[in-house]
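This is the structure, below, for whatever I ask next.
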Amino acid sequence: MTDSHAETRTLVLLRHAKAEPGSEGTDDAQRPLSARGEADAAAAGAWLAHHDLLPDVVLCSTARRTRQTWHGVAMGMAGTPPEGGPTGPRPTVRYEPGAYDAHPEELLALVRTADPAARVVLLIAHNPGVSLLSAFLDPETDEEGLRTAELAVHRGATIWSQWGRGGAPIAQRHTARG
């Protein structure tokens, strides 16, 4: 591993997978994933494992659909063949109430608190905040926003606490479909 690679940090932004529609009287934060959402979350995890993007730290909204998305992603990472499967310790998972209905600045504040030793951080959150954070980190990106179960992989050369506007271009995007 070269010194320049050792300094690179990778932030993977993931908009939660497809959820069941809300119904009157249902708390939005309690909406579960749909069957398609469950499959898409697992597909996202398999894609992360295949591309060697296993997180050291996971920052996840406390909403039911984001927690279920993380569960599906974790299962997808673990379910890959040995040649592409995860190795090493499990990530530190932080369920963050502040990630629900958060503005991009609030999400970036969470990222900035990641363990400085972490090389890959996965943030599972909601629109519009997660899409706006992606655009903030890479203003050259299109303004379409992230679809459900879409991953945006940002790479930056500074420690987490110094991440800011335009400092982490998108290296890859992928929409998981199971």
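The values are calculated or read from the model by the stated rules, or taken from the named source; none is laboratory data. Bear in mind that the values here come from a model prediction, so they are computed numbers and not experimental data. All Cβ positions, even for glycine, are placed from backbone atoms using ideal geometry, and neighbour counts span all protein chains on display. We work out accessible area using only protein heavy atoms, side chains counted, and drop any ligands, DNA or RNA first. Shrake-Rupley method; radii C 1.70, N 1.55, O 1.52, S 1.80 Å.
When the stretch 104-141 is examined, which residues are found to be outside any helix (DSSP H, G or I) and open to solvent by less than 10 Å² (accessible area, probe 1.4 Å)?
Selection gives 114, 118, 121, 122, 123, 124, 125.
Somewhere in the stretch 148-158, is a residue out of contact with any strand residue (DSSP E or B) (no Cβ under 9 Å at 6 or more places or on another chain) and open to solvent by 10 Å² or more (accessible area, probe 1.4 Å)? Reasoning before the result, please.
Going residue by residue through the stretch 148-158, those that are out of contact with any strand residue (DSSP E or B) (no Cβ under 9 Å at 6 or more places or on another chain) are none.
No; the residues of the stretch 148-158 include none that is out of contact with any strand residue (DSSP E or B) (no Cβ under 9 Å at 6 or more places or on another chain) and open to solvent by 10 Å² or more (accessible area, probe 1.4 Å).
Identify the single condition in (1) surrounded by 14 or more Cβ atoms within 10 Å (Cβ to Cβ); (2) farther than 16 Å from residue 78 by Cα that residue 30 does not satisfy, given that it satisfies every other one.
Unmet condition: (1).
May I ask you to list the residues in the stretch 61-97 that are loosely packed, with under 14 Cβ neighbours inside 10 Å and at pLDDT below 95?
79, 81, 82, 83, 84, 87, 88, 89, 90
Of a type in the set (A, V, I, L, M, F, W, C), closer than 22 Å to residue 94 by Cβ, assigned to a loop (DSSP other than H, G, I, E, B) and open to solvent by less than 40 Å² (accessible area, probe 1.4 Å), is that true of residue 17? First the steps, then the outcome.
Numbers: of a type in the set (A, V, I, L, M, F, W, C): yes; closer than 22 Å to residue 94 by Cβ: yes; assigned to a loop (DSSP other than H, G, I, E, B): yes; open to solvent by less than 40 Å² (accessible area, probe 1.4 Å): yes.
Considered against the rule, which asks whether it is of a type in the set (A, V, I, L, M, F, W, C), closer than 22 Å to residue 94 by Cβ, assigned to a loop (DSSP other than H, G, I, E, B) and open to solvent by less than 40 Å² (accessible area, probe 1.4 Å), residue 17 comes out as yes.
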